[in-house]
């Protein structure tokens with residue numbers, strides 16, 4: 001713990017200021033630039049959420065909570081809760097699949113060729129835009145699609161399974177592959193960095209495979225899990241192509257709602273919805289900080305893996 | 001009351017002026033070049049384009065420099081108002097209705113109907129040129145008609161028990177609340193199209209008292225959406241679509257039996273399914289009216305290119321443009337007779353000429369029913385808010 005304290009340096013605002021200035025001009029320049037290109041636009045966005053639109057024009061004269069209230073009245077809030085639910089479900093599913101896969105890839109797969117091939121295959125979703133990736137599922141999952149046709153021809157089902165397309169199932173299914181790499185890679189990276197001698201020592205001390213997993217590997221891989229969750233959850237919250245194309249209009253998410261507002265020049269509504277996203281992401285960051293503090297400061301999260 | 005007045009381009013110009021004020025104010029080579037040449041610049045929906053502008057160049061000697069956009073009114077308004085495209089573009093083409101806002105605000109120029117280059121104006125029928133899609137609320141004429149249609153829905157006649165020739169008048173009931181089509185219907189996600197059509201249906205059948213179905217108040221739209229939510233909860237809709245490609249795919253895959261869509265979607269689907277498998281409906285209740293208007297920007301008046309711009313506006317009403325638009329996209333427009341005349345004089349095939357004649361006949365049949373549609377409705381914001389309830393349930 002002393003080591004971690006040394007790495008963290010002095011705490012509090014004064015400590016933060018001291019650390020920032022000790023880095024010379026680099027950090028202040030970064031902070032100033034970041035404030036200009038990120039923070040100030042965000043503040044303007046929040047301000048916009050209190051303005052009004054009348055007949056395609058934004059009015060600046062009477063800031064109010066009207067737009068925020070309209071988010072409740074119009075049912076746009078349901079898009080928020082739906083987005084959160086889908087994001088949480090998918091993140092958990094991704095984590096449950098990605099962790100054992102990453103563990104096998106990092107520690108179980110002995111062939112360098114196989115490992116390289118799998119890593120290459122995992123990057124494929126990054127090469128294709130979302131629409132091209134998703135549109136192919138429609139003729140496969142549809143009522144007259146490949147799966148239903150084959151199953152009906154084989155006599156396994158009598159009626160096409162309509163729930164396979166234009167449903168929450170389809171949205172979850174369609175978002176599994178595109179967001180899998182963002183969960184796998186950070187976990188794989190961290191697991192690769194865990195020294196095999198830790199695992200060997202655990203075995204030598206009589207731990208079962210389960211005990212080694214839960215008491216050695218899992219705690220050491222926490223930085224990768226946190227990173228994987230963040231890298232997967234954040235884009236999932238902003239996703240709207242997959243829900244749009246596979247949800248068939250029945251899975252209206254935050255991105256759809258913001259897009260619809262922008263299409264109608266309702267910038268204050270889009271700003272209010274985006275502010276909501278920001279608040280949710282800020283809450284996520286707080287949770288992340290709380291979790292990561294158990295293993296040291298956020299900035300030194302990977303340091304805890306050092307021997 | 002304060003409004004956001006300066007455009008983005010004005011701000012950039014203001015900043016730039018401090019550095020290059022002398023040069024910028026005295027000489028603009030781009031403007032000079034355009035004024036001296038036969039080039040007309042246009043911005044608007046891609047459906048109004050000829051697929052090959054060289055046909056027009058050979059015919060009237062003008063060149064078109066076209067910048068396309070989609071049918072998203074938000075993007076269009078932003079580009080005209082905030083990005084001030086009038087600085088660089090002469091002609092704007094979009095769904096009629098935008099002149100209600102952009103005319104009085106000083107972006108669109110009032111149409112000079114007696115301009116010598118506007119030779120076809122007088123012979124163009126009032127059905128096309130005097131539509132409210134080209135005039136503002138005060139009746140001031142800003143645009144010339146380009147193309148238009150009455151939108152309804154595509155359907156498989158055998159699934160609805162309708163005649164195979166597609167001449168039956170089908171009720172929107174089939175789309176919204178018929179057990180025959182339950183779970184096999186698709187409607188557009190946009191409030192502008194689907195919301196207006198549902199409101200018109202409810203008004204037509206006395207389900208909701210509405211003064212103007214294309215410009216419902218919040219209270220009127222709330223009642224319409226409440227009914228639409230019942231349809232949705234009953235499982236009427238298989239999907240709510242958003243794009244032209246989706247319309248084609250849903251029909252071509254036979255994922256739905258009936259879908260409100262653009263007419264070319266049925267044409268494209270039939271390319272995959274076979275001729276005349278999908279029909280575009282003649283309806284009982286009427287049609288969602290849309291028409292593209294061509295408008296000259298006020299700022300184009302100072303570019304010394306006004307005659308060419310009017311020559312271009314006139315071309316949109318000509319037989320050549322009409323024939324190619326109908327042939328390539330199946331859309332009608334003013335002076336269809338000139339289109340047929342052009343095709344005949346230029347040796348088009350009998351099939352092509354028959355198709356042009358059918359386009360004219362089809363539009364005339366549609367005109368027997370009510371037409372409705374208002375892209376820039378005064379209550380657009382309220383309608384969109386209520387529509388969100390339909391999408392979010």
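Over chain B, what is the relative contact order in whole percent, taking alpha-carbon pairs under 8 Å and six or more residues apart?
Details: 663 pairs, mean separation 96.5, N = 393.
Relative contact order here is 25 percent.
Calculated translational diffusion coefficient of the protein assembly as shown (25 °C, 0.890 mPa s; Stokes-Einstein with Kirkwood radius over alpha-carbon pairs) equals 84 µm²/s.
Peptide B:78-89: average number of partner chain Cβ atoms within 10 Å per residue? If you can, show how the numbers build up before the last one.
Working: counts 4, 0, 0, 3, 1, 0, 0, 0, 0, 0, 0, 0.
Across B:78-89, the average partner-chain Cβ count within 10 Å equals 1.
For chain B, the longest principal axis of the C-alpha atoms and the axis of helix B:263-273 are separated by about 60°.
Of all DSSP beta bridges confined to chain B, the antiparallel ones make up roughly 50%. Per residue, the convex hull spanned by the Cα atoms of chain B measures out at 154 cubic angstrom.
Pulled fully out, how much extra length does the chain show between residue A:282 and residue A:109, if you take 0.36 nm times their separation in residues and subtract their Cα-Cα distance? Can you show the working numbers first?
Details: separation 173, 0.36 × 173 = 62.28 nm, distance 3.76 nm.
Gain on extension, residue A:282 to residue A:109, equals 58.5 nm.
Shielding by partners for peptide A:132-142, expressed as the average number of C-beta atoms from other protein chains within 10 Å of each residue's C-beta, is 2.
How would segment A:20-113 be classified by its alpha-carbon gyration tensor: rounded, prolate or oblate, with rounded meaning a/c under 1.5 and the a/b versus b/c comparison settling the rest? Because a/c hits 1.5 or more and a/b fails to exceed b/c, segment A:20-113 counts as oblate. Among B:39, B:45, sorting on how many other beta-carbon atoms sit within 10 Å of each Cβ, with the fewest leading, yields B:39, B:45.
Compared with the dominant principal axis of the Cα atoms in chain B, helix B:380-392 is inclined by about 40°. Each DSSP beta bridge with both residues in the protein assembly as shown is either parallel or antiparallel, and the antiparallel ones are about 55%.
In terms of packing, defined here as the mean over residues of other Cβ atoms within 10 angstrom, the peptides A:49-58, A:185-194 line up highest first as A:185-194, A:49-58. Could you let me know the centre-to-centre spacing of segment A:254-275 and segment B:277-312, using Cα atoms, in angstrom? When both Cα centres are located, 29 Å separates them.
Students often get this wrong: which residues of segment B:87-110 have the backbone nitrogen under 11 Å from the point 7 angstrom along Cα-to-C-beta of residue B:302? Once the point is set 7 Å along Cα→Cβ of residue B:302, B:87 turn out to lie under 11 Å by backbone N, inside segment B:87-110. Computing Rg and the Kirkwood Rh from the Cα coordinates of segment A:126-179 gives a ratio, Rg/Rh, of 1.04.
Against chain B, whose longest principal axis is taken from its Cα atoms, helix B:8-26 shows a tilt of about 20°.
If you count, for each residue, the other Cβ atoms within 10 Å and average over each peptide, how do A:264-276, A:224-236 line up from highest to lowest? List each step's numbers first, then the result.
On the way: A:264-276: 23.5, A:224-236: 20.9.
Output ranking for A:264-276, A:224-236: A:264-276, A:224-236.
Here the relative contact order of chain A, from alpha carbon pairs under 8 Å that lie six or more residues apart, stands at 25 percent. Computed from label points 7 Å out along Cα-Cβ, the spacing between residue B:54 and residue A:47 is 5.3 nm.
Give me B:318, B:152, B:178 ranked fewest to most by other Cβ atoms within 10 Å of their Cβ, as a rough exposure proxy. Please report the intermediate quantities before stating the final value.
Working: B:318 20, B:152 24, B:178 17.
Neighbour counts put them in this order, fewest first: B:178, B:318, B:152.
Using just the helices of the protein assembly as shown, give the 222 nm mean residue ellipticity in deg cm²/dmol: DSSP H runs with n ≥ 4 each add -39,500 (n - 2.57), and the total is spread over all residues, rounded to 500.
It comes out at -15500 deg cm²/dmol, rounded to the nearest 500.
The largest-to-smallest principal axis extents of the Cα set in segment B:110-169 are 52, 25, 13 Å.
Which whole-number percentage describes the relative contact order of segment B:129-267, with Cα contacts under 8 Å and a sequence gap of 6 or more? Don't skip to the answer; put the middle values down first.
Working: 164 pairs, mean separation 47.1, N = 139.
Relative CO of segment B:129-267 lands at 34 percent.
What translational D, rounded to a whole number of µm²/s, comes out for segment A:69-108 from Stokes-Einstein when the hydrodynamic radius is the Kirkwood one over Cα pairs, at 20 °C and 1.002 mPa s? So the translational diffusion coefficient is about 176 µm²/s. The simple spin-label model puts a point 7 Å past each Cα toward its Cβ; for residue B:127 and residue A:154 those points are separated by 5.7 nm. Quick note on segment B:91-231: its Rg to Rh ratio, both from C-alpha atoms and Rh being the Kirkwood radius, is 1.06.
Checking the a/c ratio against 1.5 first, then a/b against b/c, what shape does the Cα gyration tensor give for segment A:123-221?
Values: a/c = 4.29, a/b = 2.22, b/c = 1.93.
Verdict is prolate for segment A:123-221.
What share of Cα pairs, in percent, lie more than 19 angstrom apart in segment B:252-392? Display every interim value, and only then the final one.
Values: 6561 of 9870 pairs.
Of all Cα-Cα distances in segment B:252-392, 66 percent exceed 19 Å.
Shielding of A:57-66 by partners, i.e. mean partner chain Cβ atoms within 10 Å per residue?
Values: counts 6, 2, 4, 4, 3, 2, 0, 0, 0, 0.
Average per residue, whole number: 2.
Expressed per residue, the C-alpha convex hull volume of chain A stands at 202 Å³. A simple spin-label model places the labels of residue A:65 and residue A:77 1.1 nm from each other, with each point 7 Å out along Cα-to-Cβ.
A short reminder: the numbers here are calculations on the coordinates, not readings from a lab. Here the structure is a predicted model, which means the values were calculated and not measured. Ideal geometry is used to build each Cβ from the backbone, glycine not excepted, and the neighbour counts take in all protein chains shown.
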